[in-house]
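**Student:** Submitted below is the structure of interest, expressed as C-alpha cells.
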Amino acid sequence: MKKLLSATVLLGVLISGATQAKPVENAQPAEQATKSAALNYSTGGYAVVEIQRPVSEVFKTLTNVNNWPEINKGVTQKIAPENVQVAKNTKFKETISSLTPGIKDWTNEWNVETYIPNKKFVISGLETFASVPIHSRITYEFSEKSKNVTTFKRSIDVTLDTKFMQGATKQEIEALYMFLGSQWAMADHLKKYVESK
C-alpha cells in the first residue's frame, strides 16, 4: 500500500509539473532549426533609424505585409496571397523590382521565422534574382526610445560564397551589393511611411 501511495504521489507531481510547463516562445521544430543553423550566413548589412511613432504602431504597420508595395514604392511590386495574416511559419511571396540594369524583376517566397509582437520580426527565403540563388534572412527589431519614439533596426544576412562570386554575372554581383547596401534606404522608407500617417 505504501509503494502504491508513493507511486501515486510521484505520478501526481509529474502530471502537475507537465501542466505547469510553459511553451517556449517561437520554438522551432528540430528539423527547421537544424536547416536554419546549417546555412552559412557569411555577410550582411544593417541600418538603424528613429521613427516618431509608438513601437506598437510601427510594428503593426511593417508586419502588415500587404502594405509593402506602398511602404517600399518602386521596390515591392506585390504580395501574394492577398490579405496575408502574419504569424510564425507564415509563408508569402514578394515580387521585387530590380534597381540594377540587366537584372529582371523576381519573386521571393518568405517564411516568417520569428514573430514577437512589438519586438522582433524575422523572415528568410531564397533570393532568386541571380543565376546562382542565395539564401537571405531579414531581421526587423523594434525598441521603445520613448513613449512616441521607436528605434527600428533592419538587418540582412546572406549566404554569399565563392560559388556565387564565380557563377553570378557582374550585374548580379552588383545587384547583391546594392541590396546589402540599401538597408538604410529601406528603413527610411518605413520611417517616412509611418510618420506620414
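**Student:** Relative contact order for the range 124-197 using alpha-carbon pairs under 8 Å, separation at least 6, rounded to a whole percent?
**Tutor:** Numbers: 76 pairs, mean separation 19.5, N = 74.
Relative contact order comes out at 26 percent.
**Student:** Taking only protein heavy atoms and a 1.4 Å probe, what accessible area per residue, in Å², does the range 78-197 have with all protein chains in place? It would help to have the intermediate numbers written out before the result.
**Tutor:** Values: 6190 Å² over 120 residues.
Averaged over the residues of the range 78-197, the accessible area is 52 Å².
**Student:** Taking every Cα atom in the range 92-197, find the radius of gyration and the maximum pairwise distance Dmax, and write them in Å.
**Tutor:** Radius of gyration, then largest Cα-Cα span, for the range 92-197: 15.4, 49 Å.
**Student:** Are there any trypsin sites (Lys or Arg not before Pro) in the range 106-187 that are in a DSSP loop and have at most 15 other Cβ atoms within 10 Å? List them by number. Let's see the in-between values first.
**Tutor:** Values: sites: K119, K120, R137, K145, K147, K153, R154, K163, K170; in loops: K119, K147.
Taking the range 106-187 and a limit of 15 other Cβ atoms within 10 Å, the loop trypsin sites (Lys or Arg not before Pro) found are K119, K147.
**Student:** If a/c stays under 1.5 just call it rounded; otherwise compare a/b with b/c (prolate if a/b is bigger, oblate if not). Do that for the range 137-197, with a ≥ b ≥ c from the square roots of the Cα gyration tensor eigenvalues.
**Tutor:** Note, shape of the range 137-197 comes out prolate.
**Student:** Using the Karplus curve 6.51 cos²θ - 1.76 cosθ + 1.60 with θ = phi - 60°, what ³J(HN,Hα) values do you get for each residue of the range 117-130, in whole Hz, with x for Gly and Pro?
**Tutor:** x, 6, 10, 8, 9, 10, 10, 9, x, 9, 7, 10, 6, 10
The values are calculated or read from the model by the stated rules, or taken from the named source; none is laboratory data. Keep in mind the model is a prediction, meaning the values are calculated, not measured. So basically every Cβ, Gly included, is an ideal-geometry build from the backbone, and we count neighbours across all protein chains shown. Surface accessibility is based on the protein's heavy atoms, side chains included, excluding ligands, DNA and RNA. Shrake-Rupley method; radii C 1.70, N 1.55, O 1.52, S 1.80 Å.
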